[in-house]
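Right, one structure below, let's go through it.
The values are calculated or read from the model by the stated rules, or taken from the named source; none is laboratory data. All figures in this text were calculated on a predicted structure; none of them were measured in a lab. Here the Cβ positions follow ideal geometry from the backbone for every residue, glycine too, while neighbour counts run over all protein chains shown.
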Amino acid sequence: MALIELTGIERTFQLGDATVHALAGLDLQIDNGEYVAVMGPSGSGKSTLLNLLGLLDRPNAGSYRLEGRDVTTLSPDEQARVRSERIGFVFQSFRLVPRLTAAENIALPMTLAGIPAKERNARVAEALAGFGLENRSDHRPDQLSGGQRQRVAIARATIMQPALILADEPTGNLDRHTGEEVVNLLEALNASGVTLVVVTHDQAMGARARRQLVMEDGRLKSDSARGACEAG
Amino acid sequence: MRLADTLRFARDAATGYPLRTALSVLAMAIGVAAVVILTALGDGARRYVVNQFSAIGTNLVSVLPGRSGTGGFNPANAITSTPRDLTIDDAVALRRAPAVSRVAPLAVGTSEISYGGRLREVMVAGSTHEFAAIRNFEIAQGQVLPDEDWNRGSAVAVIGAKIREELFGNNPAVGQVVRVGDRRLRIIGVLKPMGQGLGMNTDELVLVPVALAQAMFNSNTLFRILVEAKNREAIPEAKDQTMEILKQRHRGEEDVTVITQDAVLATFDKLLGTLTLGVAGIAAISLAVAGILVMNVMLVAVTQRTGEIGLLKALGATDRTIRLAFLAEAAMLSAVGALIGYLLGQLGAFGLRQAFPVFPAYPPDWAVIAGLGTALGTGLLFGVMPARRAARLDPVQALMKH
């Protein structure tokens, strides 16, 4: 069954007098459990696509069905709920809250969702163990290495057991070796059934995905699942 | 988000920027402390005056010669141009009034007292036996003025504590003969020291029989007649009867003014109460300023934490959650500020009371409640705008700021 179904998505921005088509007539289907890499030059619409998939942004036209449900027409609060329960974000710059400890950062989505402290603690302890961060739980982000920070961020993204993980250049701020570790981690999550969408510039990393989407000027230039798309 | 989590989140956010938080807490604390201390001063003044009046005697009605206030045209006024003086006989007549328990005539003037080569200027009050009781004067040594015919005037005097000390030092004063003006008077009593009171300083007073005082000052008028009502309820009655008797004696003219202690007290009470309210209002302005500062701080916080707000939204926070978190932070800043200000204010009032023990500088309850309430109110009110701004941020735009 299709997890994500985009039909005729348009997203335009007004830059002065000019109208920029960040996404133009985009049709895309991603199935449950897929591992998709989105590639393309800067300004090709990768980030806009990711924001749209993450319900952080709304399309000007077209429909987005997530798990069979049209989510573009949901109210902001309902969208927040979908983000909370179904979607996990991994950012290039980790985006941990600097004043919170690793454990508190991992627990943050549960805190925001109003899950009681007892359950939070149990799940955080499990996550810390799972990501090899047991003795880092009380460290603040500035006391952690880059790889540890991204592991905390991934633990945070998965703590609500989402169906979809959206990763924006997850290895962009890491050296080759730690980047490799993080990719392995994400791939392990994908292997356990979570749908993984990664935006990346890195050809090598993109090549590891089972499906590659290449974007250009707001359109899909190629989709490895369908062969090359026709422009227009 | 749960309430406890919201509060903890807000606390961590506030303590994450210690200087900014400390400054806004300080501003709020100063505002509340100002309200507490200033109203303590104002209300202290009010209590001080009320106490002073109570010390003079509570059921007191004073009669002054002359009519105060302007009435309409009165034929009687047109015929006699000057009001009649108050005399000792007027005072004697007032003793007949049923609602009156005691009456004391009062004639005052200044003179010189001398003893053993020492000389000083004094205020001389001429009155009678019951004067001390009416005015709540206490005797340290000897006795009060003799209970005699008011028109007689024995050559005796009761002196204030300071005069005794200056003229006699450690020697006994009672029984000694002093010269007051051109009279030789025997001292029969010494007043207990009372300090500065309203009207006259009793420590520097010489009390003599009223007839003697009039003879010394070569006049037969009185400065006041002090009338004591039987009890508090009888005060209006005593006032009416006094007026009626004097009117009859003065051929139907109301040429005296009768003031009740209560009326004077009420006037001062109201006056100083209003003053306290005014001072509280001025202090409340500083609270409003503190509220605006909290708003400023929160607006800066929203700008500084834009990236974090974007993250929270990405992690599933609703607009309401973000609004509440920022509102809680603003409320926390003002609540802590208000609490610290309250403690500082109470400390200041305590310091005032230590420095000036006669001055009862206690902040009134209404001021404390209003001060704390205004602090919390403005904090919340001015917290709403930044919180709404935070909640309305576009998540994509917010996430781009880091």
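On the stretch given as region A:38-55, residues that are more than 9 Å from chain B (Cβ to nearest Cβ), under 16 Å from A:Leu166 (Cα atoms) and touching a Gly at 6+ places or on another chain (Cβ under 8 Å) total 3. Scanning region B:168-227 for residues that are surrounded by 16 or more Cβ atoms within 10 Å (Cβ to Cβ), within 37 Å of the chain's Cα centre (by Cα) and of a type in the set (S, T, N, Q) turns up B:Thr202, B:Gln214. Condition first: closer than 20 Å to B:Glu204 by Cβ and crowded, with 17+ Cβ neighbours inside 10 Å. Now tell me which residues in region B:142-165 satisfy that. Within region B:142-165, B:Gly142, B:Val144, B:Leu145, B:Val156, B:Ala157, B:Val158, B:Ile159, B:Gly160, B:Ala161, B:Lys162, B:Ile163, B:Arg164 qualify.
Only one of the numbered conditions (1) in contact (Cβ under 8 Å) with a residue 60 or more places away in the chain; (2) surrounded by 19 or more Cβ atoms within 10 Å (Cβ to Cβ) is violated by B:Lys230, and that is (2).
Filtering A:Ser84, A:Ser63 for residues that are over 21 Å from A:Ile165 (Cβ atoms) and not acidic (Asp, Glu) leaves a single hit, A:Ser63.
I'm trying to understand the selection: among the residues of region A:81-99, which are assigned to a loop (DSSP other than H, G, I, E, B) and over 13 Å from B:Ala317 (Cβ atoms)?
A:Phe91, A:Gln92, A:Ser93, A:Phe94, A:Arg95, A:Leu96, A:Pro98, A:Arg99
Being β-branched (Val, Ile, Thr), touching a residue at least 24 places away in the same chain (Cβ under 8 Å) and away from chain A (no Cβ under 14 Å) is the filter here; which residues of region B:349-396 pass it?
Taking region B:349-396 and keeping what is β-branched (Val, Ile, Thr), we get B:358, B:368-369, B:374, B:378, B:384, B:396.
In the following step, the residues that additionally are touching a residue at least 24 places away in the same chain (Cβ under 8 Å) were identified as B:358, B:368, B:374, B:378, B:384, B:396.
Residues satisfying the conditions are B:Val358, B:Val368, B:Thr374, B:Thr378, B:Val384.
Between A:Arg81, A:Arg65, A:Arg58, A:Arg69, the distinction of being at negative phi, surrounded by fewer than 19 Cβ atoms within 10 Å (Cβ to Cβ) and at the interface with another protein chain (Cβ under 9 Å from one of its Cβ atoms) belongs to A:Arg81 only. The set of residues from region A:143-190 being assigned to a loop (DSSP other than H, G, I, E, B) and farther than 27 Å from A:Ala113 by Cα comprises A:Ser145, A:Thr171, A:Gly172, A:Asn173, A:Leu174, A:Asp175. Which members of region A:114-135 meet the condition of being more than 14 Å from B:Leu312 (Cβ to Cβ), in a loop (DSSP other than H, G, I, E, B) and more than 21 Å from the chain's Cα centre (by Cα)? Answer for region A:114-135, where residues must be more than 14 Å from B:Leu312 (Cβ to Cβ), in a loop (DSSP other than H, G, I, E, B) and more than 21 Å from the chain's Cα centre (by Cα): A:Ile115, A:Pro116, A:Gly132, A:Leu133.
Conditions (1) within 12 Å of another protein chain (Cβ to nearest Cβ); (2) closer than 23 Å to A:Pro116 by Cα; (3) surrounded by fewer than 24 Cβ atoms within 10 Å (Cβ to Cβ); (4) among the hydrophobic types (A, V, I, L, M, F, W, C), marked per residue:
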position	(1), (2), (3), (4)
B:Leu3	yes, yes, yes, yes
B:Thr15	yes, no, yes, no
B:Leu23	no, no, yes, yes
B:Leu26	no, no, yes, yes
B:Ile30	no, no, yes, yes
B:Ala33	no, no, no, yes
B:Thr39	no, no, no, no
B:Val50	no, no, yes, yes
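If you scan region A:17-37, which residues turn out to be farther than 18 Å from A:Ala163 by Cα and among the polar types (S, T, N, Q)? Listed by number, the list holds a single entry, A:Thr19.
Yes or no, residue by residue, for (1) among the polar types (S, T, N, Q); (2) touching a helix residue (DSSP H, G or I) at 6+ places or on another chain (Cβ under 8 Å):
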| site | (1), (2) |
| --- | --- |
| A:Met1 | no, no |
| A:Glu10 | no, no |
| A:Thr19 | yes, no |
| A:Gln29 | yes, no |
| A:Leu50 | no, no |
| A:Asn60 | yes, no |
| A:Thr72 | yes, no |
| A:Val82 | no, no |
| A:Phe91 | no, yes |
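Does B:Val144 qualify as being modelled with pLDDT of 90 or more, in the same structural domain as B:Glu204 (by TED's automatic domain parsing) and more than 25 Å from B:Arg224 (Cβ to Cβ)? Before you say what the answer is, go through the steps one by one.
Numbers: modelled with pLDDT of 90 or more: yes; in the same structural domain as B:Glu204 (by TED's automatic domain parsing): yes; more than 25 Å from B:Arg224 (Cβ to Cβ): no.
So B:Val144 fails the test.
Which of the residues that make up region A:137-186 are at positive phi and free of Cβ contacts under 8 Å to residues at least 12 places away in the same chain? Spell out how you get there, then give the answer.
Narrowing region A:137-186 to residues at positive phi: A:161, A:169.
Listed by number, the list holds a single entry, A:Gln161.
Taking B:Ala280 and the conditions (1) assigned to a helix (DSSP H, G or I); (2) within 14 Å of chain A (Cβ to nearest Cβ), which numbered condition does it fall short on, given that it satisfies the others? Answer for B:Ala280: the failing condition is (2).
Being more than 21 Å from A:Glu134 (Cβ to Cβ) and more than 18 Å from the chain's Cα centre (by Cα) is the filter here; which residues of region A:89-113 pass it? A:Pro98, A:Arg99, A:Leu112, A:Ala113 - these are the residues of region A:89-113 that are more than 21 Å from A:Glu134 (Cβ to Cβ) and more than 18 Å from the chain's Cα centre (by Cα). Selection of helices (runs of 4 or more DSSP H) fully inside region B:301-402 by the criterion of at least 1 residues being closer than 30 Å to B:Asp43 by Cα returns B:319-355, B:365-392.
Do you know which residues across region A:92-110 are facing another protein chain (nearest Cβ under 8 Å) and in contact with a Leu (Cβ under 9 Å, 6 or more places away or on another chain)? Hits for region A:92-110 are A:Arg95, A:Val97, A:Leu100, A:Leu108, A:Pro109. All of (1) touching a helix residue (DSSP H, G or I) at 6+ places or on another chain (Cβ under 6 Å); (2) buried (at least 20 other Cβ atoms within 10 Å of the Cβ) hold for A:Ala157 with one exception: (1).
Close Cβ contacts (under 7 Å, 6 or more residues apart or on different chains) running from residues in region B:310-334 that are more than 7 Å from chain A (Cβ to nearest Cβ) and among the polar types (S, T, N, Q) to residues that are surrounded by fewer than 24 Cβ atoms within 10 Å (Cβ to Cβ) and assigned to a helix (DSSP H, G or I) comprise B:Ser334/B:Leu376. Could you grab me the full set of residues in region B:369-380 that are surrounded by fewer than 23 Cβ atoms within 10 Å (Cβ to Cβ), farther than 18 Å from B:Ala14 by Cα and not β-branched (Val, Ile, Thr)? Listed by number, the residues that qualify are B:Ala370, B:Leu372, B:Gly373, B:Gly377.
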